[in-house]
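Okay, structure first, notes after.
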Amino acid sequence: MMAVLTHIARLTKLCISGPGGLLGVFQFAVIVALGLIGVRISVLLITWNADFYNAIQKLDVPGVIQQVKVYFGLTAISVVIHLASVYLRRMLQIRWRHSLTEAALERWLSGKAYWHLRDRTEAGLDNPDQRIAEDCRIFVDKLTDEALDLITRVVGLISYVTILWSLSTFALAFTFAGLDIEIPRYMVWAAPIYVAIATVITHGLGAPLKKLDFEQQRREADFRFALTRLRQNVEPIALAGGETAERSQLSQRFAALAGNWQQLARRELILGFFSRPYFQTVLTIPIFLALPAYLAGRVTFGGLMQLRSAFQNVVTTLSWFIFSYKDLAQLAATASRLSHFLAAADGASRAVPGAGPEVSQGERFRASGVALSTPGGRTLAPLPELELKAGGTYWIAAPSGHGKSTLVKALAGLWRHGEGSIERPASVSFSSQHVYLPLGSLAAALAYPELPQAFVEEDYRRALEAVGMAHLWTGNDDDWPRIRDGLSGGERQRVALARQHLHASAWIVLDEATSALDPEAEEQILATLRRALPGTTLVLIAHRAPRGIGEITRIDLTVTAETPVARGMPTPAVAM
């Protein structure tokens, strides 16, 4: 319980400390104030019960008409307060959700935590998209609803108990085992005892809900993720005729989702067998308890109805835990998931001393004593000593599976598995064979990772023309999503190379960035890139020797560190 409360407190602090946090606190205070006015209306309605029903008992027609007017007046005020409270609560929820989402995004993106967390699937770390999109929403919604409700109920409880105490002037007298027993103001004591017993039963029946809700959220996300992957890979799936295999995967994930859903439904049914009758009897139990006093002539009919209303308000207020149990279980599960995710993202964004090669910034690429390993601990072949100086063109060659792509990740400072030291230049741009085209316009795709306004239209046209894709610039951004989804692998790689023309970095690392192009197209595009950026250092990782870009220094990763070519010496055999 303390751990859950700690999670909730930390997340709440993130909500409050975000942009507009003080305004959010003010909104919260206004909503609480409206809730207290609502409590005052409820107190007046309790008094109204006595006046109205006493007027009926006395057949006082003018009095009845007056009380009807009072009732509709109080109802109108209550409606206005309720609607204002609901609106302000919705505004508060989106404000705090914005703050919490920004905090989650900051932790996920800082220090490339999203990269380092990609293979971790512990509880709370799977499906980061759901943690950020769904859990932030659920947490804020449940927190504001339950916190505001609790504050209002606590204040209301004091008022309702005071009224019930003043009305319960009679005692309950009975004989038990030969003893005369008298309980003064018994209706005041009956309410908390009644609720306490019900609370213990509710918690016993509903305890498994937190775990089941936690698991349901994970399985829902897994199923949605599988659907998203299918949508993003429609072409290879369609070409391979993979519908049966995909259907099997989706069916398995949905079966897991449905299985947990059935357990959740059964547990809610078991809880409902108690909570639903309890909810309905709350309205009638007070009449049964006060009926002896009424039949004995100790209270009037109006007093009976007033007692019923006061007792009902006390019990329903004390029953907050019972009525909110499912929402509280969901709040606890969401807070745990979100807290674990944020903590893991914080940890992943910080480099751990001794975890992977030590990366420093310099004026060149240099790798010394580098031996990389897989996340599972398997050691890869040691890398040769590398020293790539500015202004040259380098071709890093090795057979498939020899660690070329892993080396690129290490040079980029992403790989935390292995040892050694790596020096890398400040201005370096990486491009891989797997091209990422972000959402948005064509300009956004070309400018990435910069924003579209970093360049002008002429820059975009020139860059596209350099890679033979000038026809993409239609002047209509609405066409781009359809065009983007229809691009071939080679066309996507051309767009990625157009980015290099735009950014003109001092160093460019191309990791199989032309693998989808035919040799003639590759030669033409690389030659154009070299002419456009004569002072840029090009580092190419490729299976075949690049052509059309002048003299190349070949670096063979299969050669030992003592061999001269491993240190970046020119190799005439591949010089173009």
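FYI, it's all coordinate maths here, none of it is from the lab. For clarity, every value in this text was computed on a predicted model and none was experimentally measured. Every residue, glycine among them, receives a Cβ derived from its backbone with ideal geometry; neighbour counts consider all protein chains shown.
Odds and ends about this structure:
- Between the listed residues L510, G548, F455, the Cα displaced farthest toward the positive end of the dipole of region 447-553, a dipole computed from Cβ unit charges relative to the Cα centre, is found at G548.
- Computed E for L250/R530 - FRET, C-beta separation, R0 41 angstrom, nearest 0.05: 0.30
- In Å, descending, principal axis extents of the Cα set of region 358-574: 55, 39, 30
- Unsatisfied cross-links (Cα-Cα over 30 Å) in the set K69/K326; K112/K326; K13/K112; K389/K409: K69/K326; K112/K326
- Of I37, I197, the sequence from fewest to most neighbouring Cβ atoms within 10 angstrom is I197, I37.
- As a size descriptor, the averaged projected area of the C-alpha convex hull of region 434-513 was calculated at 5.0 nm².
- Dipole axis of the chain (+1 Lys, Arg; -1 Asp, Glu on Cβ), positive-most option in L14, A344, S360: L14
- Calculated mean residue ellipticity at 222 nm for the chain: -20500 deg cm²/dmol, from DSSP H runs with n ≥ 4 weighted as -39500 (n - 2.57), summed, divided by the residue count and rounded to 500.
- For region 2-349, a crude dipole built from +1 on the beta carbon of Lys and Arg and -1 on the beta carbon of Asp and Glu, taken about the Cα centre, is about 160 debye to the nearest 20.
- Table column - 3J(HN,Hα) (Hz), region 192-202, Karplus curve with 6.51, -1.76, 1.60, x for Gly and Pro: x, 5, 4, 6, 4, 4, 5, 5, 4, 5, 4
- Across region 333-347, computed HN-Hα scalar couplings (Karplus, 6.51 cos²θ - 1.76 cosθ + 1.60, θ = phi - 60°) run 5, 5, 4, 5, 4, 5, 5, 4, 5, 5, 5, 5, 5, 4, x Hz from first to last residue, x flagging Gly and Pro.
- Amide H to amide H distances under 5 Å link F365 with L388, where only residues 5 or more positions off or on other chains count and H is placed in the peptide plane.
- Alpha-carbon centroid distance for the pair region 1-79 / region 306-383, whole angstrom: 37
- Taking 0.36 nm per residue of separation and subtracting the Cα-Cα distance, full extension of the segment from V86 to L150 would add 21.5 nm.
- Helix 61-109 axis versus longest C-alpha principal axis of the chain: approximately 20°, rounded to the nearest ten.
- When each of I525, I56 is scored by the number of other beta-carbon atoms lying within 10 Å, the sequence from fewest to most is I56, I525.
- Under 5 Å between amide hydrogens, built in the peptide plane, is the criterion, and for L172 it picks out I183, R185, Y186 among residues at least 5 positions away or on other chains.
- Nonlocal amide H pairs with W395, under 5 Å, H built at 1.01 Å: L540, T553, R554, I555
- Look at where the Cα atoms of region 440-486 and of region 201-221 average out, and the two centres are 48 Å apart.
- Over the chain, relative contact order from alpha-carbon pairs under 8 Å, at least 6 apart, %: 15
- Theoretical FRET efficiency, 1/(1+(r/R0)^6), r = Cβ-Cβ of S78 and A506, R0 56 Å, to 0.05: 0.25
- Put in line by how crowded their Cβ is, counting other Cβ atoms within 10 Å and starting with the fewest, Y294, Y53 read Y294, Y53.
- Among (1) 35.0, 115; (2) 25.5, 77; (3) 21.9, 64, the entry that matches Rg and Dmax of the Cα atoms in Å as calculated here: (1)
- Taking the average, over residues, of other Cβ atoms within 10 Å as the packing measure, peptides 465-475, 62-72, 500-510 rank 500-510, 465-475, 62-72 from highest down.
- Acute angle (nearest 10 degrees) that the helix 209-232 long axis makes with the longest principal axis of the chain, alpha-carbon atoms: 40
- By average C-beta atoms within 10 angstrom, highest first, the peptides 133-145, 422-434, 301-313: 301-313, 133-145, 422-434
- Compared with the direct C-alpha span, the chain from R40 to A207 gains 56.6 nm at full extension, assuming 0.36 nm per residue.
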